[in-house]
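Have a look at the structure below, then the notes.
The values are calculated or read from the model by the stated rules, or taken from the named source; none is laboratory data. Everything numeric here is computed off the predicted structure, so don't read it as measured data. Heads up, the Cβs are rebuilt from the backbone with ideal geometry, glycines too, and the neighbour counts pull from every protein chain shown. Each accessible area value is taken on the protein alone, full model and side chains, heavy atoms only, with ligands, DNA and RNA left out. Shrake-Rupley method; radii C 1.70, N 1.55, O 1.52, S 1.80 Å.
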Amino acid sequence: QVQLVESGGGLVQAGGSLKLSCASSGRTFSSYTMGWFRQAPGKEREFVAAISQNFGITYYADSVKGRFTISRDNAKNTVYLQMDSLKPEDTAVYYCAARSTGGVATTTGYTDWGQGTQVTVSS
């Protein structure tokens, strides 16, 4: 089990950028596939991006492909989500999550979650 804490959310104008961070307190961070999810008001939580334990294999939702970049620094026990060309429809609470099994293209089965960070994109 890992403890996850997100940061970096805020208010930004459409077309702008934000970089989210998710720090883990677990000693086995490098053994987890890490993902980012988001939940907009009145909507279900949806997958955004994931990155493998090693080799940096990534997977993105079609809605963010080409605009968002997920990365990780295993030495710092941190995963990042660089968000560029933000749109109002990206407004949501963003969560990071961890799973110990399954590949990056498997968007279910995450077992550990952060508390979320709010991202608001104004038009």
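Looking only at the stretch 1-37, residues that are open to solvent by less than 30 Å² (accessible area, probe 1.4 Å) and closer than 17 Å to ARG99 by Cβ come to 13 in all.
If the condition is being open to solvent by less than 40 Å² (accessible area, probe 1.4 Å), assigned to a loop (DSSP other than H, G, I, E, B) and farther than 12 Å from GLY35 by Cα, then the stretch 58-75 contributes VAL64, ARG67. Residue-level analysis places SER63 among those that are more than 15 Å from GLY102 (Cα to Cα) and over 11 Å from the mean Cα position of the chain (by Cα). Look at (1) surrounded by fewer than 18 Cβ atoms within 10 Å (Cβ to Cβ); (2) modelled with pLDDT of 95 or more; (3) of a type outside the set (A, V, I, L, M); (4) closer than 24 Å to THR111 by Cβ and you find that SER85 fails only one, number (4). Find all pairs meeting these conditions: Cβ atoms under 9 angstrom apart; at least six residues apart or on different chains; first residue within the stretch 26-44 and basic (Lys, Arg) and at pLDDT below 95; second residue part of a loop (DSSP other than H, G, I, E, B) and open to solvent by 10 Å² or more (accessible area, probe 1.4 Å). Once the first residue is basic (Lys, Arg) and at pLDDT below 95 and sits in the stretch 26-44, its partners that are part of a loop (DSSP other than H, G, I, E, B) and open to solvent by 10 Å² or more (accessible area, probe 1.4 Å) give ARG27/ASN77.
Residues that are under 28 Å from THR120 (Cα atoms), open to solvent by less than 80 Å² (accessible area, probe 1.4 Å) and in a loop (DSSP other than H, G, I, E, B) within the stretch 43-55 comprise just one, SER52.
Looking only at residues in the stretch 96-123 that are open to solvent by 40 Å² or more (accessible area, probe 1.4 Å) and either touching a Lys or Arg at 6+ places or on another chain (Cβ under 7 Å) or among the charged types (D, E, K, R) (or both), the one that is farthest from ALA49 (Cα to Cα) is THR111. Residues that are aliphatic (A, V, I, L, M) and under 14 Å from the mean Cα position of the chain (by Cα) within the stretch 106-123 comprise just one, VAL119.
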